[in-house]
Every structure is written in C-alpha cells, then in structure tokens.
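Readers should treat all values here as calculations from the given coordinates under stated rules, not as data from a laboratory. This structure is a prediction, so every number in the text was calculated from the model and none was measured. Quick reminder, even Gly has a Cβ in these numbers, built from the backbone with ideal geometry, and neighbours come from all protein chains shown.
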Amino acid sequence: PSFLSGVEQAPADPILGVSVAFRESTNPNKLNLGVGAYRTEDLKPYVLDVVRQAEKRMIEADYDKEYLPMQGLAEFNEATRKLLLGEGSAAVAESRVATVQSLSGTGSLRVGAAFIGKFMPGAVVYLPNPTWGNHKNIFADAGVEWREYRYYDKATIGLDLDGMIADLKAAPAGSVICLHGCAHNPTGVDPTKEQWAAIADAVESNGLVPFFDVAYQGFASGSLEEDAYAPRLFERRGIEFFCAQSYSKNLGLYAERIGAINAVVNDKETAAKTLSQMNRIARAIYSNPPVHGARIAATVINDPALFARWNEEMGEMAGRIKTVRAMLYDNLCKLNPDKDWSFVTRQIGMFSFTGLNPNQVKHMTEKHAIYMTGDGRISLAGLSQAKCEYLANAIVDSFT
Ligand code: PLP
C-alpha cells in the first residue's frame with residue numbers, strides 16, 4: 001500500500017471527459033460536439049493565418065527566452081486592456097486598470113478568485129445558473145464561497161431577467177457577480193442592450209462588484225466592439241469591476257494559455273496597489289506567465305495590417321458557426337415542423353443549449369455516436385455543413 005492509497009479517484013471532468021470518450025469510440029460517424037474548440041468545415045483544428053504570420057516575424061526577430069515580469073509582457077498588457085475597453089476608454093487613459101497577463105481565461109479567473117479571497121474577506125461570488133462548469137471549481141479551490149443567481153428560463157429558452165434582477169437585489173452589498181461578457185456558456189443566451197442597462201442599475205444600486213468573464217470577444221458576433229458592449233457600458237457608468245480575458249477562441253491560441261485579469265477601478269493609486277497584489281498572487285502560483293502567446297497576441301493587435309486580417313478571420317469563424325446554426329435549424333424544422341426550433345438560431349456564440357436531458361444525451365451518444373456534455377449543450381464549432389442533417393436526425397430521434 002502507498003501512503004496515498006486513501007486518495008479517491010476524481011470524477012471525470014464533465015467537459016474534457018467527453019473528448020476522452022470520443023477518442024475511444026470506433027464508430028465512423030462519430031461527432032465531437034463536447035469541447036468548445038473551433039473546427040474547419042473538414043472538422044480539423046484551425047491555426048489562424050495571423051498567428052502564423054506573427055510567429056514568422058517572431059522567429060525573424062530572434063527573441064530571447066528570458067523571464068517575463070510577474071504581470072507579463074508590457075506590450076500585451078497595454079494591448080489587451082485597450083482591446084477590451086476600447087480606444088476611447090477613460091479608465092485606460094487615466095491608468096485606472098490593473099492588468100496581469102495570466103494563463104488564459106481559467107488562470108486569469110483563478111488569480112482574480114485568489115485576490116477576492118484575500119482582499120474581500122467574506123465576499124460571496126454569485127454565478128449564473130447554469131454557468132461554465134469550471135467556474136465553481138475555480139472559486140471553490142480559491143476558498144471563495146459561491147452561490148447561484150437565476151439566469152436561464154427553461155420555458156422561454158431565454159433570459160430570466162426578472163429572476164436575475166431579484167437575485168442581484170437580494171445579494172448582500174459587496175458581493176461579486178460573475179457575468180459572461182458575451183456568448184454565455186452553456187446557454188448561448190445573452191442579455192440585450194436594454195437588459196444590460198437594467199443589470200447595471202441593479203449592480204450599482206446594490207453596491208455589487210461585477211466580475212466579467214470575456215472568453216469570446218470577437219468570436220461571438222465577429223465584432224470585437226459588439227462583444228465588448230457590456231464591460232464598456234459598465235466602465236462608462238463608472239462601475240468598478242474585474243474582467244478575465246481569454247485568447248483561446250478568438251485567436252485560436254488554446255494551448256498557449258494566453259489571457260489577462262483586469263481590475264478597473266476609480267483611481268490610479270488603487271490600480272497600482274491592486275496590480276502589486278495580483279503580482280504577488282501570481283508569483284506564488286506560477287511566478288510569471290509564458291511569453292509565446294503574449295508576443296503573438298501583442299503582434300496581431302498592434303500591427304494594423306495583421307489586426308485587420310484578424311478581424312476578417314474572426315468574421316469567418318463566427319460566420320461558419322452561424323451557417324451551421326441556420327442549416328441545423330432548417331433540418332430540424334424539416335424533420336419535425338411541429339416543434340419550435342427557433343432557439344437554435346436565437347442563441348449566440350459557439351454553443352447551442354438543446355434542452356436534451358441527461359437520458360436523451362446518453363441516447364445521442366450511445367445510438368448516434370454524438371458526443372456532448374450531459375447538460376444538453378452542443379458546440380456548433382465542431383459541426384460541419386455535411387453533418388447537419390445527421391445531427392438533426394439524431395436530435396429529433398432523441399426527443400421522441
Ligand atoms: N470562461 C468561459 C465562459 C469559457 O467558456 C471558457 C472556455 O471554454 C473559459 C472561460 C476559459 O478558457 P481558457 O482557459 O482556455 O481561456
């Protein structure tokens with residue numbers, strides 16, 4: 001026996017476990033709609049043209065591999081907060097944003113969670129119900145208590161705004177409210193501009209602290225501006241907040257682990273002190289972040305020609321997802337015209353929340369070799385036009 005023999009097997013990760021099961025399947029029709037990673041029409045991973053171009057320039061520049069400072073690459077940090085808040089941001093101009101380059105969205109959320117645990121003792125984080133599965137792990141492992149607020153309305157397959165506002169109003173002042181900046185995962189249901197205003201009102205009047213998770217800027221709608229609407233609105237209204245950013249999806253840099261945690265605050269001195277403490281948290285976890293992805297992102301954002309090409313490529317990726325959404329919708333309507341399938345085209349981003357229950361999901365996988373998460377979420381980024389009819393058949397079959 002080992003001194004560790006009492007350690008229990010951890011449960012499979014509900015999202016990453018789907019890919020493991022997919023790889024093991026020998027069914028030739030198998031389709032992986034579990035993990036949120038973009039695929040081409042041939043269902044192959046895609047490296048963006050701008051990423052290849054930036055990497056070529058980086059090789060030519062013959063950079064060294066020295067450690068970055070704890071907060072990361074200066075050019076990246078500057079570029080990433082501008083990308084988030086826009087060129088006209090007062091907070092950026094007035095140095096009121098503390099930015100730490102961190103390990104993609106997840107690592108950035110984790111540094112933010114540790115900061116909350118340390119400097120906002122007793123603060124509870126409110127997560128939307130449902131939310132990306134890892135949010136709960138991230139806050140729990142950082143020792144921060146989380147609760148849920150109402151978000152998704154099963155009956156309308158839309159936003160439960162009244163429930164959400166009521167829950168925000170019931171949260172104690174100083175609570176942290178996790179908000180998906182765009183393309184809510186897993187539902188694909190986002191607030192409208194009017195609804196964001198109502199959410200900002202509730203946050204403001206109740207003294208809550210928003211924590212935006214922006215994992216899909218530019219990837220959801222194809223427009224960096226549109227997808228940053230909510231954090232920019234909050235900044236204009238003078239609301240202080242945290243924001244985690246990820247370049248996994250919009251630059252396809254999944255494995256490079258590039259992202260940032262920002263604190264947008266009311267004065268420069270607070271931003272500087274916050275930055276110093278976030279650095280200290282990073283120092284004790286991983287010391288300093290990896291440089292490769294930061295150089296790629298900074299090169300693409302700061303070079304006008306690459307930036308323009310990146311916007312085109314995001315438009316292409318978002319466009320391909322919209323095309324398969326429409327095609328899936330048409331096929332579903334053809335197969336079962338009696339059911340209202342309009343939620344498929346109303347939802348935003350790479351996911352569709354189908355409403356399939358865990359038993360129906362099991363049927364999708366066992367009978368049709370369609371791999372997806374147990375909550376009924378499918379990633380449309382893993383769907384091709386050629387497979388739309390096959391998927392629609394399986395969905396209709398699983399619902400009946
Ligand atoms: N937040 C949300 C809502 C996500 O959907 C994801 C990725 O699926 C992430 C954060 C973080 O991903 P990463 O750590 O690869 O940036």
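Of note:
- Counting only alpha carbon atoms, the long axis of helix 358-368 and the longest principal axis of the chain meet at about 60°.
- At an R0 of 25 angstrom, the distance between the Cβ atoms of Phe3 and Lys118 translates into a FRET efficiency of 0.20.
- Averaging 1/r over every pair of different alpha carbons in segment 238-286 and inverting the result gives a Kirkwood radius of 12.4 Å.
- Helix 74-85 and the longest principal axis of the Cα set of the chain meet at an angle near 60°.
- Going by neighbour counts of Cβ atoms within 10 Å, the residues Asp330, Asp64, Asp227 line up, fewest first, as Asp64, Asp330, Asp227.
- Going from the residue with the fewest nearby Cβ atoms within 10 Å to the one with the most, Lys322, Lys169, Lys65, Lys154 rank Lys65, Lys154, Lys169, Lys322.
- Nearest 10 degrees, 0 to 90: helix 388-399 Cα axis against the chain principal axis: 80
- Global form of segment 133-249, assessed from the alpha-carbon gyration tensor, a/c cut-off 1.5: rounded
- The ellipsoid that matches the Cα gyration tensor of segment 230-345 has semi-axes, each √(5λ) in whole angstrom, of 37, 20, 15, with the longest given first.
- Of interest is the spacing of the C-alpha centroids, which for segment 69-94 and segment 297-344 amounts to 27 Å.
- Using just its DSSP H runs of length 4 or more, each adding -39500 (n - 2.57), the chain gives a mean residue ellipticity at 222 nm of -14500 deg cm²/dmol after division by all residues.
- Between Lys334 and Asp267, the C-beta separation translates, for a Förster distance of 35 Å, into a calculated FRET efficiency of about 0.05.
- Cα-based reach from Lys82 at 20 Å (exclusive), listing lysines while leaving out same-chain residues under 8 positions away: Lys249, Lys268
- Violating pairs (Cα-Cα greater than 21 angstrom) within the set Lys30/Lys136; Lys30/Lys367; Lys44/Lys334: Lys30/Lys136; Lys44/Lys334
- Summarised in one figure, the compactness ratio Rg/Rh of the chain, Cα atoms and Kirkwood Rh, is 0.97.
- When segment 1-115 is reduced to its Cα atoms, the Kirkwood hydrodynamic radius in Å: 19.2
- Listed by chain and number, the aspartates and glutamates whose C-alpha is less than 12 Å from the C-alpha of Lys387, apart from same-chain residues fewer than 8 away, are Glu41, Asp42.
- Between Glu312 and Arg147, the simple label model (points 7 Å from Cα in the Cβ direction) yields a spacing of 5.1 nm.
- Segment 101-155: C-alpha gyration tensor shape, a/c 1.5 cut-off, then a/b vs b/c: oblate
- Note on Asp13 and Glu66: their simple-model spin labels are 3.4 nm apart, each label 7 Å out from Cα toward Cβ.
- A crude spin-label estimate for the pair Ala170 and Ala326, with each label 7 Å from Cα along the Cβ direction, gives 4.2 nm.
- DSSP-loop chymotrypsin sites (Phe, Trp or Tyr not before Pro) across segment 48-148, with at most 15 other Cβ within 10 angstrom: Tyr63, Tyr67
- Convex hull volume of the Cα atoms of segment 284-385, normalised per residue: 166 Å³.
- Taking the fewest neighbouring Cβ atoms within 10 Å as the starting point, the ordered list for Phe242, Phe307 is Phe307, Phe242.
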